[in-house]
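Below: one structure, written as structure tokens.
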Amino acid sequence: MVALPPPGPASVPGTVHLVGAGPGAADLLTLRAARLIGAASIIVHDGLVEPEVLALAQPHARMVSVAKQRSRHSMPQEEINALLVAEALAGHDVVRLKGGDPFVFGRGGEEAEACRAAGVPVEVVPGVSAALACAAQAQIPLTHREASSAVSFVAGQCKGLTEQDWSGLAGQGRTLVIYMGVATADAIVEKLIADGVDPATPAAVLEGGGRSAFRALRTLLTDLGALVQRERVKSPALLVIGEVAARGLAEDALAQFRTLMTENSRA
């Protein structure tokens with residue numbers, strides 16, 4: 001547990017900077033993010049922030065890890081909010097360093113609301129989101145004039161899967177990107193097919209985006225859950241559903257993939 005600073009407020013509160021650290025590699029940071037990290041005296045960071053990004057901080061900077069993993073948080077979100085507010089009210093400028101983009105499944109909105117409610121100035125510095133970075137690394141265009149004119153980003157946890165109608169989010173002319181869907185891949189496949197998505201729709205699993213151990217695995221929707229299990233895919237990873245998932249392949253591999261799609265559509 002991280003001890004909060006003394007409650008006495010400073011005459012002028014500090015600013016909380018919600019900074020997107022991007023997908024991993026330090027050279028994918030924005031210039032503004034790198035400057036703030038290098039100048040910060042206090043950095044509150046996620047577990048997915050890579051060491052090479054944290055290495056940009058000053059040697060004397062106080063580093064506070066609030067790492068989160070599935071079903072295990074080192075600090076509840078409410079305590080993170082309280083920590084940011086308390087540090088700022090004590091007169092400290094705080095860099096809250098978040099993987100990807102703070103406002104894309106990063107709970108940055110909650111932290112910004114807590115700061116505003118306490119009268120603490122807050123700035124949001126966008127980062128390269130996991131979806132953009134992973135797709136770029138796999139050379140999968142999330143939009144393509146011949147394949148997709150719409151993209152949807154959804155969270156893939158079990159909660160809400162059965163109630164949500166995903167039929168309008170995937171299919172011809174659309175791309176569906178699913179965050180946090182590795183553990184529920186089987187349920188996601190079942191739900192999408194039940195909602196009318198063609199089982200032969202191309203799908204991709206993008207694991208470890210922005211890192212040297214990145215993998216891009218391609219299959220069809222019907223086999224997506226089995227692929228995740230077979231390849232022992234681990235988070236962080238994204239699922240991409242749609243025709244664009246077959247893009248970014250060499251011509252011979254693309255031809256084989258399209259043959260597989262056709263055979264499965266006839267089955």
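The values are calculated or read from the model by the stated rules, or taken from the named source; none is laboratory data. Given the structure is predicted, the values throughout are model-derived calculations rather than measurements. Positions of Cβ are backbone-derived with ideal geometry, glycine not excepted, and every protein chain shown enters the neighbour counts.
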Subset tally (residues that are more than 17 Å from the chain's Cα centre (by Cα), part of a helix (DSSP H, G or I) and within 20 Å of ARG107 (Cβ to Cβ)) for region 34-53: 2
From the options LEU83, LEU31, residue that is at pLDDT 95 or above, over 18 Å from VAL122 (Cα atoms) and in the same structural domain as PRO121 (by TED's automatic domain parsing): LEU31
Options VAL128, VAL85; residue that is part of a loop (DSSP other than H, G, I, E, B) and in contact with a helix residue (DSSP H, G or I) (Cβ under 8 Å, 6 or more places away or on another chain): VAL128
Residue match in region 62-79 (condition: surrounded by 21 or more Cβ atoms within 10 Å (Cβ to Cβ) and either modelled with pLDDT of 95 or more or over 22 Å from the mean Cα position of the chain (by Cα) (or both)): no
Close pairs from region 102-117: first more than 17 Å from LEU238 (Cα to Cα) and not assigned by TED's automatic domain parsing to the domain that holds GLY156, partner of a type in the set (A, V, I, L, M) and part of a loop (DSSP other than H, G, I, E, B), Cβ under 9 Å, at least 6 apart: ALA114/VAL120
Check on LEU206, hydrophobic (A, V, I, L, M, F, W, C), over 30 Å from VAL53 (Cβ atoms) and in contact with a strand residue (DSSP E or B) (Cβ under 7 Å, 6 or more places away or on another chain): no
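Conditions tested, residue by residue: (1) surrounded by fewer than 15 Cβ atoms within 10 Å (Cβ to Cβ); (2) modelled with pLDDT of 90 or more; (3) closer than 25 Å to GLY208 by Cβ.
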position	(1), (2), (3)
CYS115	no, yes, no
VAL122	no, yes, no
PRO126	no, yes, yes
CYS134	no, yes, yes
LEU142	no, yes, yes
SER149	yes, yes, no
ALA155	yes, no, yes
GLY168	yes, no, no
ARG174	no, yes, no
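Conditions tested, residue by residue: (1) in contact with an Asp or Glu (Cβ under 9 Å, 6 or more places away or on another chain); (2) farther than 17 Å from ARG211 by Cβ; (3) not hydroxyl-bearing (Ser, Thr, Tyr).
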| site | (1), (2), (3) |
| --- | --- |
| GLY38 | no, yes, yes |
| SER41 | yes, yes, no |
| VAL44 | yes, yes, yes |
| LEU48 | no, no, yes |
| LEU54 | no, no, yes |
| SER65 | yes, yes, no |
| PRO76 | no, yes, yes |
| VAL94 | yes, yes, yes |
For GLU146: the one exception among (1) in a helix (DSSP H, G or I); (2) more than 30 Å from ALA86 (Cα to Cα); (3) out of contact with any Pro (no Cβ under 8 Å at 6 or more places or on another chain); (4) not β-branched (Val, Ile, Thr): (1)
